[in-house]
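Colleague: Here's a structure for you.
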Amino acid sequence: GNLNAVSCDFVQNAAAISGGAISAAGDAVVTLDKCEFSQNTASGEGAGNGGGAICLETESKAKLFVNRCSFVKNTDKYNAHHIYTRSADNYVGINNSVFRGPYGVKTTAGGLMQIKGQSVIVNTTMYGRTADWGAISLGSKIENGCRIINDIVLNNSSNGLSFYTTNYNASVYNTIY
């Protein structure tokens, strides 16, 4: 089903596989405004699991709209600490939000977000210490599939990546990283 959350706190939730606070599948539309996601955890291991805070599931056309939200210290063992989308048919729109941490997590290869499918991230700050895949891992084979506009991206990692893309289309405009 659909979820519309306004001024909600999602704190210290846990999932055995993906989506520590929210997991969406099918044609679900998740709309979040002025919400806080803090210390949520997804414990699944392996390439198909992730999203310490939110996961849009495989083979879904789920959509996620995030406005004026805060993501702080959510964790995942493998893919993405805050948001993980598993389908090229997913859509993610993020506006005026903050993604921070986690710090000291050394077992994950993922970043703050791993987004497949089409996405637009505008006026958002992302910072933390992530591992191999940088702050944001983007993957969309759609022309202009991932657009990063007017953002600040800071990542203190061993390899220094802010963005990780391979054979995908991403456009970055007016962004500091």
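The values are calculated or read from the model by the stated rules, or taken from the named source; none is laboratory data. This one's a predicted model, so the numbers in the text were calculated from it and none came from an experiment. Positions of Cβ are generated from backbone atoms using ideal geometry, with glycine treated the same way; all protein chains shown enter the neighbour counts. The area values use the complete protein model at the heavy-atom level, side chains included, leaving out ligands, DNA and RNA. Shrake-Rupley method; radii C 1.70, N 1.55, O 1.52, S 1.80 Å.
Colleague: Which numbered condition trips up T107, out of (1) closer than 17 Å to N74 by Cβ; (2) at pLDDT 75 or above; (3) among the hydroxyl-bearing types (S, T, Y)?
Modeller: T107 satisfies every listed condition except (2).
Colleague: Can you name the number of the only condition in (1) open to solvent by 70 Å² or more (accessible area, probe 1.4 Å); (2) at pLDDT 65 or above that E143 fails?
Modeller: (2)
Colleague: Has the stretch 45-58 got any residue that is in contact with a Cys (Cβ under 6 Å, 6 or more places away or on another chain), open to solvent by less than 30 Å² (accessible area, probe 1.4 Å), within 17 Å of F99 (Cβ to Cβ) and not in a strand (DSSP E or B)?
Modeller: No, every residue in the stretch 45-58 fails to be in contact with a Cys (Cβ under 6 Å, 6 or more places away or on another chain), open to solvent by less than 30 Å² (accessible area, probe 1.4 Å), within 17 Å of F99 (Cβ to Cβ) and not in a strand (DSSP E or B).
Colleague: With respect to the numbered conditions (1) within 18 Å of K77 (Cβ to Cβ); (2) open to solvent by 60 Å² or more (accessible area, probe 1.4 Å); (3) at pLDDT below 95, which one is the sole condition not fulfilled by Q12?
Modeller: Failed condition: (3).
Colleague: Another question, then. Contact list please: Cβ distance under 6 Å, first residue in the stretch 67-81 and farther than 18 Å from A14 by Cα, second residue in a loop (DSSP other than H, G, I, E, B), pairs at least six apart or on different chains.
Modeller: From residues that are farther than 18 Å from A14 by Cα, the pairs are R68/K34; R68/N96; C69/C35; C69/S97.
Colleague: Only one of (1) at pLDDT below 90; (2) open to solvent by 10 Å² or more (accessible area, probe 1.4 Å); (3) polar (S, T, N, Q) fails for N96. Which number is that?
Modeller: (1) is the only condition that N96 fails.
Colleague: Where the second residue is in a loop (DSSP other than H, G, I, E, B) and at pLDDT 80 or above and the first is over 21 Å from Q118 (Cβ atoms) and aliphatic (A, V, I, L, M) and lies in the stretch 157-177, which pairs have Cβ atoms under 8 Å and are six or more apart or on separate chains?
Modeller: I176/D151
Colleague: Scan the stretch 18-36 and tell me whether some residue there is hydroxyl-bearing (S, T, Y), within 18 Å of T125 (Cα to Cα) and out of contact with any helix residue (DSSP H, G or I) (no Cβ under 6 Å at 6 or more places or on another chain).
Modeller: no
Colleague: Within the stretch 66-79, is even one residue over 13 Å from the mean Cα position of the chain (by Cα) and at pLDDT 95 or above?
Modeller: There is at least one residue in the stretch 66-79 that is over 13 Å from the mean Cα position of the chain (by Cα) and at pLDDT 95 or above.
Colleague: Let me ask you something else. Go through the stretch 67-87 and count every residue that is open to solvent by 40 Å² or more (accessible area, probe 1.4 Å) and either acidic (D, E) or over 16 Å from S23 (Cβ atoms) (or both).
Modeller: 3
Colleague: Let me ask something else about it. Return yes or no: is A21 farther than 13 Å from K77 by Cα, touching a residue at least 12 places away in the same chain (Cβ under 8 Å), touching a Leu at 6+ places or on another chain (Cβ under 8 Å) and open to solvent by 10 Å² or more (accessible area, probe 1.4 Å)?
Modeller: Against the criterion (farther than 13 Å from K77 by Cα, touching a residue at least 12 places away in the same chain (Cβ under 8 Å), touching a Leu at 6+ places or on another chain (Cβ under 8 Å) and open to solvent by 10 Å² or more (accessible area, probe 1.4 Å)), A21 does not qualify.
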